[in-house]
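Chemist: Quick one: this structure, given as C-alpha cells, is what I'll be asking you about.
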C-alpha cells in the first residue's frame, strides 16, 4: 500500500504542532516523514510499472535508501543534452529534493546535537511538495522512467 | 587517488563568492554561514546555513524567498560544478536563531 500524500500531510501536521515552542521531536519526525513521503512516492511509481499488482509490495522491498540517494545525485547533476529543458528542470527538482531530504532525514534521525527550527522544517517540506508537483508533470515521460530504473539498478560506470 | 575539491583548495575565492551572493540577497537574507565537510554518504559537501529576516520568513513569503535563494546560489556559486561540493541548504529566521542561540548560525 502506497501512502505518500498522507505522509506529506502528516509531515505538515507535525511541523505546525506546538504553535509557540515546537518540540524537537515534532520537528525531527516532520523531516523524517517528509523524506519518507518522497521515498514512497518514487517506489510506488516504479513498481506500478510491474505488470502483476500482487507482486508489487514485495518488489518495493528491493529499493535501498543509499542507492536511491546515489542515483538522485547523478540525476541532479547530469546534463541530459538531448532532453526538453523543462522536463530536465522538473527531474532535477525531484532528484535534488531527494538528495537534500536524505541528508536531512539522517541528521534528524541520528544527530541529536543538531537543533531544528520550524522555518527549516517547513522549507524542507516545501521542497518535497515542489518535488511532488514536478513528478506529476513528468511521470509519463521517458526521462522520468529512466530515473525510476536508476533508483534500483546499480551504476556500473 | 581522491580528488581534493576546489572549494577546499581555494577557500578564499569561495568565501568571496558567497559574500557576494549574501549582498545580492539582502535584506531577505541576513547572513550566510557554511561548513565544508562530508555528507552522510561521505561525499564532500558544503552545508549552507542561511539566516532570513523575520519578514522573509513569514508563511506567505517563505517559499518564494527560499526558492529564489536556492536559484541564486545554484547560478552564482554553482557549488557542484565550480567547487566540487554537493550543496545542502537550511534556512532559519532571525527570531528563531535569537531563541536557539546556536553559534554555528551566529
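Chemist: Has the stretch B:4-15 got at least one residue that is at pLDDT 95 or above, within 24 Å of residue A:101 (Cα to Cα) and either part of a strand (DSSP E or B) or in contact with a strand residue (DSSP E or B) (Cβ under 9 Å, 6 or more places away or on another chain) (or both)?
Modeler: no
Chemist: Now a separate question. Could you say which residue among A:121, A:94, A:88 is without any contact (Cβ under 8 Å) to a residue 60 or more places away in the chain, out of contact with any strand residue (DSSP E or B) (no Cβ under 7 Å at 6 or more places or on another chain) and either crowded, with 20+ Cβ neighbours inside 10 Å or within 9 Å of chain B (Cβ to nearest Cβ) (or both)?
Modeler: From the options A:121, A:94, A:88, the qualifying one is A:94.
Chemist: Restrict the check to the stretch A:29-46 and report whether at least one residue is in a helix (DSSP H, G or I), more than 17 Å from residue B:89 (Cα to Cα) and more than 16 Å from the chain's Cα centre (by Cα).
Modeler: Looking through the stretch A:29-46, none of the residues is in a helix (DSSP H, G or I), more than 17 Å from residue B:89 (Cα to Cα) and more than 16 Å from the chain's Cα centre (by Cα).
Chemist: Also, quick follow-up: So which of A:32, A:26 is at negative phi, surrounded by 15 or more Cβ atoms within 10 Å (Cβ to Cβ) and in contact (Cβ under 8 Å) with a residue 60 or more places away in the chain?
Modeler: The match here is A:32.
Chemist: Residue A:16 - would you say it is out of contact with any strand residue (DSSP E or B) (no Cβ under 6 Å at 6 or more places or on another chain), surrounded by 20 or more Cβ atoms within 10 Å (Cβ to Cβ) and at pLDDT 95 or above?
Modeler: When the stated conditions are applied, residue A:16 does not pass them.
Chemist: For residues that are touching a residue at least 12 places away in the same chain (Cβ under 8 Å) and away from chain A (no Cβ under 11 Å), scanning just the stretch B:62-82, find the one that is farthest from residue A:121 (Cα to Cα).
Modeler: B:82
Chemist: Could you list, in sequence order, the residues of the stretch A:66-85 that are farther than 20 Å from residue A:142 by Cα and exposed (fewer than 15 other Cβ atoms within 10 Å of the Cβ)?
Modeler: Passing the criteria: only A:66.
Chemist: May I ask you to say which residue of B:52, B:100 is closer than 19 Å to residue A:27 by Cβ and touching a helix residue (DSSP H, G or I) at 6+ places or on another chain (Cβ under 9 Å)?
Modeler: B:52
The values are calculated or read from the model by the stated rules, or taken from the named source; none is laboratory data. Note that the structure is a prediction, hence the values are computed from the model and not measured. With ideal geometry, Cβ positions are generated from the backbone for all residues, glycine too; neighbour counts draw on all protein chains shown.
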